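Below is one structure, written out as structure tokens; the observations come after it.
The values are calculated or read from the model by the stated rules, or taken from the named source; none is laboratory data. Bear in mind the structure is a predicted one, so any value in this text is a computation, not a measurement. Cβ: placed from backbone, ideal geometry, glycine included. Neighbour counts: every protein chain shown. SASA here: full protein model, heavy atoms, side chains in, ligands and nucleic acids out. Shrake-Rupley method; radii C 1.70, N 1.55, O 1.52, S 1.80 Å.
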Amino acid sequence: MSRYRTHLSSELGPHLDGTKVIVAGWIHAKRDLGGKKFLLLRDKDGVMQIVIDREQKDLAEAFYTLSLESTISVVGRVRADSRAPGGFEVVPSSIVIHSLAKAPLPIDVSGKVPADIDTRFRERVLDLRRDEGRATFKILSIALRAIREELYNMGFIEIFTPKIVAAATEGGAALFPVAYFGREAYLAQSPQLYKELLAGAFERVFEIAPAWRAEESDTPYHLSEFISVDIEMAFTNYEGVMNVLERVVARVVKDVRELAGRELKLLNHELQEVKLPIKRIKYSDAVRVLAESGEKIELGEDLSTPHLKKLSELIEEDVYFIVDWPDKARPFYTMPKEDGVFSESFDFVWNYLEIASGSTRVHRKELLVKRLEERGLNPENFSFFLKWFDYGMPPHAGWGMGLARLGVMLTGAKNVRELTAFPRDKKRLVP
RNA sequence: GCCGCGGUAGUAUAGCCCGGCCUAGUAUGCGGGCCUGUCGAGCCCGUGACCCGGGUUCAAAUCCCGGCCGCGGCGCCA
């Protein structure tokens, strides 16, 4: 056929009564009442009803042939009818079958029968056709667009850093090795060092790209491959980039609330408006508040998930920054405070989930070398990075944000995998 | 990696504690039938399952041991 469709379901309505249309999609449901047969045809925007009368022998035959999730195009006319969902239906003159789906389906797409998360990811493409899947990824896409627009508005440009790297950028997290023409190479765990170098050329840069970590982490909030939203900004400090972050987050939430009300309702998620400025709580105050509430915690310790859960209850905030982390707990490129104990750093937290973290970066070479050595790292391995600090590196700061984690905040999902089409973790390499 | 819970038709579940009445129930899907307005359509008939191995017992889906797999919590992870 020369044309698969003339209209999407969202473009149809009773007002098009009598109009000849071609619609296309998946068989969402079939209802056979004998004399009347109803096909529910689903496309990216919704579901529309096709009515077949007993007298239409060819169409009735097609009706019986079609299995759930088969793809078809329907040539027909719109008919306004108050009995039909949405007040209209399509009366077909012909049905073209593009692809017949095998039956029974491995999972129920229509949403009547639930499936375990493991089953759902095994059958991910069918799973994504469900209302929840389409709603989730629509929201995530709105978020991505909002992030980009807001950053562009603030004068950032979008850049790309290499994903095959020679050395661990920061020590710590484990890396996936790559066979690289006989040399030792790895998948990048973070764009950190390269985005700093690019801020040294363009001042304001951002990147939205995958990063890889070969960690043992087995939680609903960790993946081996994840999308990281990173910015780096020259001539500012961590306060400056926190302001950028909260503006981005507020804009994302605003857009999602405005453009995806239907999807939020479907996901049964109440996304609260983000009011600026977002609360900043010092790490040392957070520890003190927790200790006073009876939590076992000492200054210098990282905050665990249970700690963060407790903290958000205690301070009665859904979203907040924890600022001025102990310097020891932060990577070499983080700027220490003058006291030498704390650092110009922050985490952005939603409830108990760390969504982003950032800091002022060290822009003086001597200090970087010293900090590498203090952490037992060899500065020579970082010469590709350090070299440029001899040629006018501006003071700068930046942050990195887990896109799927932001998505958890936006959708209320219980697992970052829900925000990942084909998640990669310790157990999953396919699909 | 540790702790907890679990593994029953394509999918989701009941049954397990207290072994026999399980010829393993239900929903959905699938096959067939009835019905001219369904909208989670309805009604009737049919179809299809106890993770693997060992043990206890007259008898194991059910109890015990081992393994594999999954989920949750924690850990690890700037």
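Values as computed for the structure displayed
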| quantity | calculated |
| --- | --- |
| Compactness relative to 2.2 N^0.38 Å, alpha carbon Rg of the range A:159-318 | 1.27 |
| Most fluctuating residue given options A:Thr136, A:Thr219, A:Thr411, as computed from a GNM of chain A linking Cα atoms under 10 Å | A:Thr219 |
| Share of Cα-Cα pairs in the range A:266-391 lying beyond 17 Å, as whole percent | 63 percent |
| Chain A: translational diffusion in µm²/s, Stokes-Einstein, Kirkwood Rh over Cα pairs, 10 °C, 1.306 mPa s | 64 µm²/s |
| Cα gyration tensor, the range A:388-431 - rounded (a/c under 1.5), prolate or oblate | oblate |
| Solvent-accessible surface ranking, highest first, for A:Asp318, A:Asp324 at 1.4 angstrom | A:Asp318, A:Asp324 |
| Relative contact order (%) - chain A, alpha-carbon pairs under 8 angstrom, separation at least six | 13 percent |
| With every protein chain in place, chain A: carbon and sulfur % of accessible area (1.4 Å) | 52 percent |
| Exposure ranking of A:Lys163, A:Lys138 by accessible area [1.4 Å probe, largest first] | A:Lys138, A:Lys163 |
| Euclidean distance between Cα centres, the range A:406-424 to the range A:6-26, Å | 33 Å |
| Nearby aspartates and glutamates by direct alpha-carbon distance to A:Lys30 (threshold 12 angstrom, same-chain neighbours under 8 apart not counted) | A:Glu69 |
| Residues A:Val430 and A:Arg364, FRET efficiency given R0 of 51 Å [Cβ-Cβ distance, rounded to 0.05] | 0.60 |
| Relative intensity, log₁₀ I(q)/I(0), of the range A:14-107 from a Debye sum that treats every alpha carbon as a point, q = 0.23 Å⁻¹ | -1.25 |
| Kirkwood hydrodynamic radius of the range A:159-246, Cα pairs, Å | 14.2 Å |
| Dimensionless Rg over Rh [the range A:171-211; C-alpha; Kirkwood] | 1.06 |
| Largest to smallest accessible area among A:Arg364, A:Arg122, A:Arg428 [probe 1.4 Å] | A:Arg122, A:Arg364, A:Arg428 |
| Under 16 Å from A:Lys57, Cα to Cα: aspartates and glutamates that are on another chain or at least 8 residues apart | A:Asp32 |
| Computed over the range A:80-199: relative contact order in percent, which uses C-alpha pairs under 8 Å that are six or more apart | 13 percent |
| Percent RCO, i.e. relative contact order, over the range A:65-112, from Cα pairs under 8 Å lying at least 6 residues apart | 44 percent |
| Principal axes of the range A:39-186: Cα extent on each, largest first, Å | 72, 40, 30 |
| Average accessible area per residue (Å²) across the range A:104-226 - probe 1.4 Å, nucleic acids and ligands excluded | 50 Å² |
| Stretchable slack from A:Arg77 to A:Lys112, in nm (0.36 nm times residue separation minus alpha-carbon distance) | 9.6 nm |
| Two-decimal ratio, the range A:311-384, of alpha-carbon radius of gyration to 2.2 N^0.38 Å | 1.31 |
| Structure-based [θ]222 nm, chain A - -39500 (n - 2.57) summed over DSSP H runs of at least 4, per residue, nearest 500 | -8500 deg cm²/dmol |
| Note, ³J(HN,Hα) from phi for the range A:233-239, Karplus 6.51, -1.76, 1.60, rounded to Hz, x at Gly and Pro | 9, 8, 6, 7, 10, 5, 4 |
| Too-long pairs where the Cα-Cα distance tops 26 Å, listed order kept, from A:Lys102/A:Lys265; A:Lys296/A:Lys426; A:Lys138/A:Lys414 | A:Lys102/A:Lys265; A:Lys296/A:Lys426 |
| Given A:Lys254/A:Lys328; A:Lys279/A:Lys328; A:Lys337/A:Lys365; A:Lys275/A:Lys309, the pairs whose alpha carbons are separated by over 27 Å | A:Lys254/A:Lys328 |
| Cα-Cα P(r), the range A:227-332, percent of pairs per 5 Å interval | 2, 10, 17, 17, 19, 16, 11, 6, 2, 0 |
| Förster-model FRET efficiency, 56 Å R0, A:Glu273 and A:Glu298, C-beta, rounded to 0.05 | 0.95 |
| Zone of A:Thr6's modelled label, taken as backbone nitrogen in the range A:42-83 under 13 Å from a point 7 Å along Cα→Cβ | A:74-79 |
| Exposure of A:Leu267 as accessible area (Å², to 10), given a probe of 1.4 Å and all protein chains | 40 Å² |
| Per-residue HN-Hα couplings for the range A:27-42 [Karplus 6.51, -1.76, 1.60; θ = phi - 60°; Hz; x = Gly/Pro] | 6, 8, 7, 10, 10, 10, 9, x, x, 10, 10, 10, 10, 9, 10, 10 |
